[in-house]
């Protein structure tokens, strides 16, 4: 059994709607796992269920082999880091961090030693007597982390801990959190809607979609080999062509688009003869003057000068539009021109065409 | 600034309108004639001496203070759990509780007073002071609930969750994490309810009885028979007291938007 295991978990809110249903998750000891997904996908619900803030209606939650369904939060020995830091406003940094140890009735001398060590690990030495209101956002979150790890919890739960920080600080704190996590080797579950954050920090990423795990794997897998079109979309792929699968051979497939036949990677969900959608990443789409092997014809709809580059919006028929960024010296086309787009056979993937409308994640 | 001179004038008129009557009372309190007049002809402090030695005023002042303090305390004890539950959980009847906290503003207090009187006469269980205490508690309770709810709404539930995740039970985290952070709100609610109770006339009017009366009622009754500066002196003392309480609490708590 894995260190943390959720088996067929069902969780619902008061109005009867189920947020999680038949939810399964296994996390090995010492792993940094990210729960990634758009808002409303159930990632925070999953975290709050593990924390005990939400009751489990069905299924079982095991941590370290022990059934946790009926254990109240304050007996769970978990560290929780919150999006809004949730520091105790009336207590100093030291008193915030020592809180959990006091609750556990740790000896005062031992307490002090552990608190000072935790404060040092998060890089806040010298700030012990400050009140939270006199700290910056980044520092406050460091206190939040110190407070959660000082109790040596079985699992560290982090709920979008960086989303209230500004962009630069966020990058810095990513590295910090990862360093701290490795230093103490703590099993961590990290909720985020930011795919680059999940990719950069995690050992494992679980991508959630409406209460289910859509794909769980190493960051590289999720990023380069999305298993479903939902994952592909969320990880920055865009739709570039529609067609019919003509042939599948050794991980590759040929998709007949009507205009041409494209060779791309095949996903497990397609079969010969099925309708397929080809996905690719914007930065792997190169514009060509003439048709070459594995390319699509398009029409330049707009040319947008961006300073050091030019953004082309190209229409490919079937109401598919793609964006392509080109350096200024290669910006040879004008609006209305015909261009060809090279489709990278190793970086583009074909998925089965689903009839439902795509959700657009660009706005998230 | 030239642009704003007429605004300043409006402001001065409004201020005069608000403070003027109090000034008149204040100045009249020092008049040396047997009837209240403005402006007074001479100056004396006798009325203050007289007021502060009259048992009628002193007893009712003490009663009003007792009522103010105890009704506020009881309302706090009852109102705090209600406010907490209302601000933190969703449940049946939540709307009703929220609505009922606005009732005392809507329902004429005369009606409430009459209703309370009828009830107490029917029950015939309590002493007059006890009925007054219950009546005042009922009147100030909604103010407590409302104020404490608005304080709690500004206190993120995640802070409590943090305490619970660190090993404090729900109840314990309320006492060691929530309570220390809402004391300002509680004290300002207390001051508000104290003043509400202390100044109350309509409810007290119905519930006072022979020999047991609150200060505002005694003042009204006294005025019906005597119209001398002792009432002005008493009013001045009350104003000074109220302003004093508010000023001190603002200084101590830094609450500027207390009421």
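Any read-out appearing in this document is the output of simple, stated calculations on the displayed coordinates, not a laboratory observation. For clarity, every value in this text was computed on a predicted model and none was experimentally measured. Positions of Cβ are generated from backbone atoms using ideal geometry, with glycine treated the same way; all protein chains shown enter the neighbour counts.
Structure values in brief
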quantity: Cα long-axis angle, helix A:167-184 against chain A (0 to 90 degrees, to the nearest 10); calculated: 60 degrees
quantity: Net length gained if the chain between residue A:323 and residue A:248 were fully extended (0.36 nm per residue, minus Cα distance); calculated: 24.2 nm
quantity: Max mean-square fluctuation residue, GNM over chain B, Cα-Cα springs under 10 Å, options B:240, B:112, B:232; calculated: B:240
quantity: Value of D in µm² per second that Stokes-Einstein yields for region B:1-62, Kirkwood Rh from Cα pairs, at 10 °C (1.306 mPa s); calculated: 111 µm²/s
quantity: Separation of the residue A:200 and residue A:297 label points, Cα + 7 Å toward Cβ, nm; calculated: 4.3 nm
quantity: Cα-based convex hull volume of region A:4-224 per residue, rounded to whole Å³; calculated: 123 Å³
quantity: Orientation-averaged projected area, Cα convex hull of region A:92-148 (nm²); calculated: 3.4 nm²
quantity: Degrees between helix B:109-123 axis and first principal axis of chain B (Cα, 0 to 90, nearest 10); calculated: 80 degrees
quantity: Region A:297-328 and region A:161-208: distance between their alpha carbon centers, rounded to Å; calculated: 33 Å
quantity: In nm, spacing of pseudo-spin labels at residue B:14 and residue B:35 (7 Å Cα→C-beta vector); calculated: 3.7 nm
quantity: Region B:16-32 and region B:166-195: distance between their alpha carbon centers, rounded to Å; calculated: 40 Å
quantity: Normalised convex hull volume, region A:176-269, alpha-carbon set, Å³ per residue; calculated: 117 Å³
quantity: Proxy reagent accessibility, fewest Cβ within 10 Å first, across A:310, B:111, A:205, A:71; calculated: B:111, A:71, A:310, A:205
quantity: Gain upon complete extension [residue A:28, residue A:346; 0.36 nm per residue less C-alpha separation]; calculated: 111.3 nm
quantity: Inter-site label distance for residue A:210 and residue A:18 at 7 Å from Cα along Cβ, in nm; calculated: 1.3 nm
quantity: Alpha carbon Rg of region B:1-132, scaled by the compact-globule rule 2.2 N^0.38 Å; calculated: 1.66
quantity: Distant alpha-carbon pairs in region A:237-352 (separation over 22 angstrom), percent; calculated: 30 percent
quantity: Rg to Rh, two decimals, where region A:174-214 supplies the alpha carbon set and Rh follows Kirkwood; calculated: 1.00
quantity: Estimated FRET transfer efficiency (residue A:152, residue A:67; beta-carbon r; R0 25 Å; 0.05); calculated: 0.70
quantity: Over chain B - Rg/Rh using Cα atoms and the Kirkwood inverse-distance radius; calculated: 1.05
quantity: Diffusion constant of region A:215-291 at 37 °C, which comes from Stokes-Einstein with the Kirkwood Cα-pair radius and 0.692 mPa s, µm²/s; calculated: 248 µm²/s
quantity: Gain upon complete extension [residue A:172, residue A:225; 0.36 nm per residue less C-alpha separation]; calculated: 16.3 nm
quantity: Shape call, region B:118-259: gyration tensor on alpha carbons, a/c limit 1.5; calculated: oblate
quantity: Largest-first principal axis extents, alpha carbons of the protein assembly as shown, Å; calculated: 113, 67, 55
quantity: Prolate/oblate/rounded call for region A:51-131, Cα gyration tensor, a/c under 1.5 rounded; calculated: prolate
